[in-house]
1. Please verify whether Asp73 is modelled with pLDDT under 95 and under 26 Å from Leu229 (Cα atoms), treating the condition exactly as stated.
2. If you go through the range 9-20 one residue at a time, do you hit one that is touching a His at 6+ places or on another chain (Cβ under 7 Å), surrounded by 16 or more Cβ atoms within 10 Å (Cβ to Cβ), in contact (Cβ under 8 Å) with a residue 12 or more places away in the chain and closer than 30 Å to Arg168 by Cα?
3. Which condition number does Asp73 fail, the rest of (1) in a loop (DSSP other than H, G, I, E, B); (2) more than 28 Å from Glu297 (Cβ to Cβ); (3) within 17 Å of the chain's Cα centre (by Cα) being met?
4. So which of Ile243, Ile271, Ile249 ends up being in a helix (DSSP H, G or I), modelled with pLDDT of 95 or more and among the β-branched types (Val, Ile, Thr)?
5. Would you point out which residue out of Lys145, Lys175 is in a helix (DSSP H, G or I) and either in contact with a strand residue (DSSP E or B) (Cβ under 7 Å, 6 or more places away or on another chain) or at pLDDT 90 or above (or both)?
6. Quick one: which of Ile35, Ile92, Ile112 is closer than 30 Å to Ile248 by Cβ, crowded, with 20+ Cβ neighbours inside 10 Å and in the same structural domain as Met305 (by TED's automatic domain parsing)?
7. Pull up the range 178-200, narrow it to residues that are of a type in the set (A, V, I, L, M) and in a strand (DSSP E or B), then point me to the one that is surrounded by the most Cβ atoms within 10 Å (Cβ to Cβ).
Amino acid sequence: MSTVSKEVLIIILGPTAVGKTAVSIDLAQRFKGEIVSADSRQLYRGMDIGTAKPSTEEIQAIPHHLIDVATPDQAWSLAIFQREAYRAIDHIHKRGKLPFLVGGTGQYIRAILEGWLIPPQSPDSALREVITQWAEIIGPEALYKRLVRIDPAAGKKIDYRNVRRTVRALEVIFKTGRRFSDLRQKQTCRYRPLVLGINRPREVLYQRIDQRIDMMLDQGLVQEVQNLLNAGYSPDVPTLSAIGYAEIIQHLQGQISLDEAIALIKRNTRIYVRRQANWFKSDDERIRWFYLHDDEEDDQLVNAMEDYIRKEIIDV
């Protein structure tokens, strides 16, 4: 009888709106698997529409892990994610199921795939506050340039608008006297990974992004953001800097119109997709890429991915 090799981890990655959720659920059903989310914003309760979380029906169809595990004011570090992802994957293996790590957050995927040894330094709230105030004085871009001068390798992995990550990198550097990038050592992945990437032509992906954002607005994204603010979460909570939430907050605060907010969300999401490409490169030999040109090919894609998985991981 055919059985799945032990300690296999299926990783499904790709840019935002490419179709990872539907594909992963279909494949997990075919392999009696469970899904571990590698999306940095789906961790948070109350942030459903703007993060394109799987629906209630989808979660009921296939067990999902690391979704709705924190409140928006509970910042999860990369180290926490890695620890909890390892725990979820190990439990899935113990139950005789096949784990699927699915998402578009490059750091999260690579931390598991490459077995990152994440800096053990605990947060230094006083130092962090000083650096944050410095950022407010000189601006996010100027702070980012300081980081690049000290640690160019870390700068390549951080977007200058992500002040929280820039501050964290500088905090570690100032506290340890070592470059942030040097502290992120790698080791062998603790699982047998099989990495599958999904992509579409950039113009097709942009169309899907625009359609998804329009659907989010129809589903009540503005009210979702308002509900979070009404619940007492500060607009300055780092989690609410996520694309979709930050722009709607600007609108609710009267800084921009709704049309302007929508245009910004679409533009910023396209920029984010281009940054994702730096994490998931087309020439990465670890990734078996599958390309789609239209939605009619989705069933063919899942069948091709299923055949590939069976060929690679099934012991006869």
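The values are calculated or read from the model by the stated rules, or taken from the named source; none is laboratory data. Just so it is clear, the structure is predicted and the values come from calculations on it, not from any experiment. No Cβ is skipped: glycine too gets one built from the backbone with ideal geometry, and neighbour counts run over all protein chains shown.
1. Considered against the rule, which asks whether it is modelled with pLDDT under 95 and under 26 Å from Leu229 (Cα atoms), Asp73 comes out as yes.
2. Within the range 9-20, none of the residues are touching a His at 6+ places or on another chain (Cβ under 7 Å), surrounded by 16 or more Cβ atoms within 10 Å (Cβ to Cβ), in contact (Cβ under 8 Å) with a residue 12 or more places away in the chain and closer than 30 Å to Arg168 by Cα.
3. Every condition holds for Asp73 apart from (3).
4. The conditions single out Ile249.
5. Lys145
6. Ile35
7. Only one residue tops the list, namely Leu196.
This table checks each residue for (1) touching an Asp or Glu at 6+ places or on another chain (Cβ under 8 Å); (2) not acidic (Asp, Glu).
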{"residue": "Ile12", "(1), (2)": "no, yes"}
{"residue": "Pro15", "(1), (2)": "no, yes"}
{"residue": "Leu27", "(1), (2)": "yes, yes"}
{"residue": "Arg41", "(1), (2)": "no, yes"}
{"residue": "Gly46", "(1), (2)": "yes, yes"}
{"residue": "Glu57", "(1), (2)": "no, no"}
{"residue": "Asp73", "(1), (2)": "no, no"}
{"residue": "Ile109", "(1), (2)": "no, yes"}
